[in-house]
1. In the stretch 127-144, what count of residues is obtained for those that are within 20 Å of the chain's Cα centre (by Cα), within 22 Å of Thr195 (Cβ to Cβ) and not acidic (Asp, Glu)?
2. Evaluate the stretch 387-408: report whether one residue or more is under 24 Å from the mean Cα position of the chain (by Cα), basic (Lys, Arg) and over 22 Å from Ala228 (Cα atoms).
3. Considering (1) among the acidic types (Asp, Glu); (2) surrounded by fewer than 22 Cβ atoms within 10 Å (Cβ to Cβ); (3) within 25 Å of Pro442 (Cα to Cα), say which one Asp373 fails and leave the rest.
4. Scan the stretch 174-192 and give yes if some residue there is within 15 Å of Val89 (Cβ to Cβ) and assigned to a loop (DSSP other than H, G, I, E, B), otherwise no.
5. Collect the residues in the stretch 241-282 that are within 10 Å of ligand 2 (Cβ to nearest atom) and within 30 Å of Trp219 (Cβ to Cβ), keeping them in residue-number order.
6. Can you name every residue in the stretch 172-185 that is within 12 Å of ligand 2 (Cβ to nearest atom), within 22 Å of Ala199 (Cα to Cα) and surrounded by fewer than 18 Cβ atoms within 10 Å (Cβ to Cβ)?
7. In the set Glu142, Glu114, which member is surrounded by fewer than 19 Cβ atoms within 10 Å (Cβ to Cβ), free of Cβ contacts under 8 Å to residues at least 24 places away in the same chain, in the same structural domain as Val187 (by TED's automatic domain parsing) and within 20 Å of Glu170 (Cα to Cα)?
8. What residue, of Asn346, Asn361, is under 23 Å from the mean Cα position of the chain (by Cα) and within 16 Å of ligand 1 (Cβ to nearest atom)?
Amino acid sequence: MSDEVKTICCIGAGYVGGPTMAVIADKCRYLKVIVVDLNKDKIDSWNNEDLTKLPVYEPGLKDLIKRCRGKNLFFSTKIQQSIAESDMVFISVNTPTKQTGLGAGEASDLKYIESSARSIAEFATGNTIVVEKSTIPVKTAEVIKTILISSQKGLEKNSTKSFTVLSSPEFLAEGTAIDDLMNPSRVLIGGDSKTSINALVNIYKNWVSEEKIIKTNIWSSELSKLTANAFLAQRVSSINSISALCEKTGADIREVAKAVGMDYRIGRHFLKSGPGFGGSCFKKDILNLVYICKLYGLKEVANYWEEVLKINRWQQNRLTTIIVKKLFGTVTSKKIGILGFAFKANTNDTRESPAIKICSNLLIDGARLSIYDPKVKFDEICNNLKDLNNANGNSFKVEDFISMASSYEELANNSDAILILTEWDEFKKIEWSKIAKLMRKPSWIFDCRDIIDINDFKESDLNIWKLGFGSNVDNLK
Ligand code: NAD
Ligand code: UGA
């Protein structure tokens, strides 16, 4: 098989497919890169002249699209044609948790992977390298290979159609996706065909040094991705569990995190306490890991990882309880401002955002929410909060209890409390003394992202509660 790749196609134009292919196109101008998706609206948005309308918000993405789109980067719904003309096909489709059937609630739903493999089996021509970019259960390459091989059974003896499968999971984080793709900590490639591995290495080599390119067997590669996400999520749950202990004991979570993280064996990254991890992947990937462990009879291992998820959900419920308690035990008909709905800063993604659980809890308790997020739209928020029942078990229309604030003043006006859930930089510049004047007294700020410097508040009449801040900021008042 020749390792000369001229055209690549990526199935799935989402948060991974779009940015990843934009970077590849930018770094490998000799390649033709086609990103395909079933979703026509999404492809239309990727092709929109107005770059503020791209379906994914990532710092730096607009510039890349401007540089490459229409030159060597194309977004298309022509899946068949794009696969047929490609030497290498990346699968970057979603792998959500199964909602029904065998493994429901834990296993990854591989229906999009399977349909992608079937499209490749049908439409590919010549020697095609298939690259798993999606995060998938270990052993998924076997499923893909089986589909690809069975498609070859009815072919003429002289057919030149053949496939190899590689695993190359993506480690980008949202909000820093372009930077992560441009300067990856590592590129992982698993597979058994040296020629195919080299073909993919040759692409990455254009901007990633070879020491950072790890070659492994395919199962190690698949499992490394699930393990990396599980370890990252575990750190967040670990620090969040300690944040609760700080609040009880007078310790300060930031000081603890700093002292612990300066041990080079532990490291200082990923030790920020907050409202719990969100995002489309940590929860689903751990659920998947738990499912696989159970499948192999490793009950203790499954239980161990499940605790990471339990602490995460506990942290969100714990925060809601604190808020309600501080507001005299009831939030009914009270206006609460929510600063940030996305699961982290610099993204418009709300999947599994901690804001969903916390806002749902508050709405169920009767609160009215005024929400401000620089990138998330009202419809998106309503979609995430639908299907709620009030304390009496009656369903209610969430739209009647939520409004979007277009300014901090609007959010604060007559509110009892403001809850900081996303660490957007712009929140650090809020003039709280102005905001305080607009709020109903006594007014509370709940800082779950360490945005506020309490020294700025010593003179104000705001009550401040900071997550993991054991010297009880509210007691300063
Ligand atoms: P996404 O939902 O944003 O995008 C997936 C896209 O695939 C959708 O637009 C969907 O329409 C399309 N699709 C599904 N089946 C298709 C088919 N048969 N043909 C054509 N298009 C199809 O998902 P995402 O966030 O980009 O994640 C994709 C994968 O990458 C997941 O497995 C995820 O776990 C993994 N991952 C995600 C991130 C992240 O930050 N979001 C990071 C690393 C890895
Ligand atoms: C995460 C991983 O960091 C990526 O390596 C991986 O590729 C990706 O999942 C994936 O597979 O989808 P992402 O979810 O985009 O990336 O963002 P993170 O920066 O990891 O944050 C995840 C969540 O943890 C956020 O809600 C964030 O606020 C929270 N977090 C993170 C903390 O609460 N504290 C921290 O110290 C770090």
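1. Adding up the residues that qualify gives 1.
2. Within the stretch 387-408, none of the residues are under 24 Å from the mean Cα position of the chain (by Cα), basic (Lys, Arg) and over 22 Å from Ala228 (Cα atoms).
3. With (1) among the acidic types (Asp, Glu); (2) surrounded by fewer than 22 Cβ atoms within 10 Å (Cβ to Cβ); (3) within 25 Å of Pro442 (Cα to Cα) applied to Asp373, the lone miss is (2).
4. Yes, because at least one residue in the stretch 174-192 is within 15 Å of Val89 (Cβ to Cβ) and assigned to a loop (DSSP other than H, G, I, E, B).
5. His269, Phe270, Phe277, Gly278, Gly279, Ser280, Cys281, Phe282
6. Across the stretch 172-185, the qualifying residue is only Ser185.
7. Numbers: Glu114 fails: free of Cβ contacts under 8 Å to residues at least 24 places away in the same chain.
Only one candidate passes the filter, namely Glu142.
8. Working: Asn361 fails: within 16 Å of ligand 1 (Cβ to nearest atom).
One residue alone meets the criteria, Asn346.
The values are calculated or read from the model by the stated rules, or taken from the named source; none is laboratory data. Nothing here was measured: the structure is a model prediction, and the numbers come from that model. Heads up, the Cβs are rebuilt from the backbone with ideal geometry, glycines too, and the neighbour counts pull from every protein chain shown.
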